[in-house]
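Report on the structure given below.
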Amino acid sequence: RTEFALKEIMSSGGAEDDIPQAERKTVTDFCYLLDKSKQLFNGLRDLPQYGQKQWQSYFGRTFDVYTKLWKFQQQHRQVLDNRYGLKRWQIGEIASKIGQLYYHYYLRTSETSYLNEAFSFYSAIRQRSYYSQVNKEDRPELVVKKLRYYARFIVVCLLLNKMDVVKDLVKELSDEIEDYTHRFNTEDQVEWNLVLQEVAAFIEADPVMVLNDDNTIVITSNRLSETGAPLLEQGMIVGQLALADALIIGNCNNQVKFSELTIDMFRMLQALEREPMNLASQMNKPGMQESTEKPARRENPHKYLLYKPTFSQLYTFLAASFKELPANSVLLIYLSATGVFPSGRSDSEGPYDFGGVLTNSNRDIINGDALHKRNQSYKEMHCLHPGDLYPFTRKPLFIIVDSSNSVAYKNFTNLFGQPLVCLLSPTAYPKALQDQSQRGSLFTLFLNNPLMAFLFVSGLSSMRRGLWEKCQDYLRKINRDIAQLLTHSRSIDQSFLQFFGDEFLRLLLTRFIFCSATMRMHKIFRETRNYPESYPQLPRDETVENPHLQKHILELASILDVRNVFLENTLDDY
C-alpha cells in the first residue's frame, strides 16, 4: 500500500529522478508511520473491554507511533506539503486520533488528567482550522469525519464541565450538519439530527443556578477536590478498605443520554473521580511512567461504564472486576435502572422473589411476555435480582440502587460476613417532581451535587454569589457533623464504618444521610416510599432523624429563606 502510494505521489510531483534521496526517504518514512498508526489504532477495538492489564502495552505502542508521527509531520511539513501533498484535514485526522487515544485511556484508567490531554488536541484542531477545507471537497465521508470529531469533542467538554465551549460546539455542529445534509442528500441526516437533540437535552437536564450579581450560571465540578470529603477526626476508628473498582450501569427506559452515557451515569462517574491535574509537567504519555515513580496521591477507582447491558455483559464485567479486585479493596456497583417487579405471587421470600432492576433484552420482549403469561411461577429473566449479586459478596461490596424497585435489594443476606452496604433510592417521588425523571434521578443528584439537589427541592434557581458561597461552606460543616454522627453512633452496623476510611465512600455515605434527612423533613415528601433506605438499616435517631442534623437542615433553609418548605417539628410527626 505504501509502495503504491509513494509511486503515485512521486510521479505526480514530477520526474521521480528529480526528487532528492533525503526527501524521498522523508515521504517513505511518513507513509510507513501513517500506515503503522492506522493499523495499531484499528487494533484497539479488538482488545478485550474488561481486564485491566492486557491492553496497556498495546496502548503504549500505539501512543509511541502516534507521538513519532505527530512530531515527524511537524518537522518535515514543507517536504510533505510539496512531495506528498499533505492536506490540513489529514493533520487534523492525526490530532483527532491522538485525542481519541487520550479519551480511551481515560476510560480505561479513570485518570481524569487524560481528559485534559484529549481536550488540548481537540482544541488545537478547532483553533488551527484543520478541518476548514473539508467542505470544499466533494467527499461526504470527509465531512462525516469532521462531524464525528465535533461529537467526540463535545463529550470531552461535558466531562470537563466546559459548558461555554459545549454551547459553541453545538452551534457549530448544527451549522455543519445543516450544510452537510444540504450538499449531500444522505441517509444519515436523521441520525445526525438525533445527535443534536440528544446533546441539547443532556445540557438542559442539569438544574441551573444563576448568580444575580452578574447574571452568570454556576458551573460546579462535582469531582473530589482536596478539601471535598470530611476529614476523619483523630482517633476515629474506621476501616482501611479502599474503593478500587466500580461498575456504573445505566438502563433507564426514558432518561436523557449522550454517547452511551445517561445523565445518572454521567453524574455518578464524576462522584468517583478526583479533580484532574495537568499532566504535561508530569509525563510524556500514558502508561510510560517508571514503576519506581510513585504517584503523589491515590489514584481514582477504576470504572466500567455499561449502558443498557444485557445480563451476560453485566455478569462478565462484574466477574472481571471481582477477579482483579486487590486485597483490602472494595467493589462498588451503581445501578440506575427501570424496576422489574415479580410477575406472580410467591409463597417464599428469597433473593429471587422481589424482582430487581432491568437488564437489556436483545430478543423481542413479546416472546418473553408470552412465556410469563403461560407460567407465572418463572422468575423474570432480563433482570438483575439481589440473588444474582450474592456470589460477589465474598469480597467487600458497596451497592447503590437508583430504581423504582430499589427496595428489592433490602432483602439482602450477608452470607460471607464481608462488609456489605446497599444505598437505595426512593421508589417514588411526590407528584410535583415526577415529570422530572427524564432529566435524571433526584437521588443520584443528591449523591453527586447535594447543594444543587437541595436548592432544586427548595424551588430555587437564582441567588447572590455571596449566598451561594455561604451555603457551600455551611454544607461542608453539615458533612463534617454527619461524619461525626456516623462514627460516634453506638448501634450502627460495622459495615458502614469499614467503608468510612475511603474518601469516595465517606462522601457518598454523608451525602446519602443528608439526602435522606432532607427528604424526611420536606413537606411534600410524606410517604415512606419517598424516602431512601439502606441495607443494613441505619439507626434513624442517630443519623437521618437526628435532631442535631435536622436543626442544621432548617438552618440551611433559613439562610436560603425557604424554611417554609420544611417541617419544623419533624420528630413529633412520627
Q: Quick one: Tyr131 ticks every box in (1) more than 21 Å from the chain's Cα centre (by Cα); (2) part of a helix (DSSP H, G or I) except a single one, so which number is it?
A: (2)
Q: Give the stretch 313-340 a look and list any residue that's within 21 Å of Ser534 (Cβ to Cβ) and either open to solvent by 70 Å² or more (accessible area, probe 1.4 Å) or aromatic (Phe, Trp, Tyr) (or both), or say none.
A: Tyr334
**Q.** Residue check for Ser259: open to solvent by 40 Å² or more (accessible area, probe 1.4 Å), in contact with a helix residue (DSSP H, G or I) (Cβ under 6 Å, 6 or more places away or on another chain) and under 27 Å from Asn300 (Cα atoms)
**A.** yes
Q.
Just to verify a result, which residue in the stretch 341-375, among those that are modelled with pLDDT of 65 or more and of a type in the set (Asp, Glu), is farthest from His385 (Cα to Cα)?
A. Asp347
Q: Select the helices (runs of 4 or more DSSP H) contained entirely in the stretch 394-496, then report the ones holding at least 3 residues which are among the acidic types (Asp, Glu) and in the same structural domain as Glu555 (by the TED database).
A: 465-488
Q. Within the set of pairs 6+ apart or on separate chains, which have a first residue in the stretch 10-35 that is at pLDDT below 75, a second that is of a type in the set (D, E, K, R), and C-beta atoms under 6 Å apart?
A. Met10/Glu16; Gly13/Arg83
(Q) Among the residues that make up the stretch 86-93, is at least one of them open to solvent by less than 60 Å² (accessible area, probe 1.4 Å), part of a helix (DSSP H, G or I), modelled with pLDDT of 90 or more and within 21 Å of Tyr304 (Cα to Cα)? (A) no
Q | Count of residues meeting criterion [open to solvent by 20 Å² or more (accessible area, probe 1.4 Å), under 25 Å from Ala320 (Cα atoms) and touching a residue at least 12 places away in the same chain (Cβ under 8 Å)] in the stretch 392-435 | A | 7
(Q) Checking the conditions here, which among Ala483, Ala557, Ala517 is closer than 15 Å to Pro450 by Cβ, buried (at least 19 other Cβ atoms within 10 Å of the Cβ) and modelled with pLDDT under 95? (A) Ala483
Q) What are the residues in the stretch 497-514 that are assigned to a loop (DSSP other than H, G, I, E, B) and either open to solvent by 10 Å² or more (accessible area, probe 1.4 Å) or touching a helix residue (DSSP H, G or I) at 6+ places or on another chain (Cβ under 6 Å) (or both), if any? A) Phe500, Gly501
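Yes/no matrix, rows are residues, columns are (1) modelled with pLDDT of 95 or more; (2) open to solvent by 30 Å² or more (accessible area, probe 1.4 Å); (3) in the same structural domain as Gly339 (by the TED database):
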| residue | (1), (2), (3) |
| --- | --- |
| Glu178 | no, yes, no |
| Glu187 | no, yes, no |
| Leu194 | no, yes, no |
| Glu198 | no, yes, no |
| Ala205 | no, no, no |
| Thr227 | no, yes, no |
| Gln255 | no, no, yes |
| Met265 | yes, no, yes |
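The values are calculated or read from the model by the stated rules, or taken from the named source; none is laboratory data. Computed from a predicted model, the values in this text were never measured in an experiment. All Cβ positions, even for glycine, are placed from backbone atoms using ideal geometry, and neighbour counts span all protein chains on display. Accessible surface areas use protein heavy atoms only, side chains included; no ligands, DNA or RNA. Shrake-Rupley method; radii C 1.70, N 1.55, O 1.52, S 1.80 Å.
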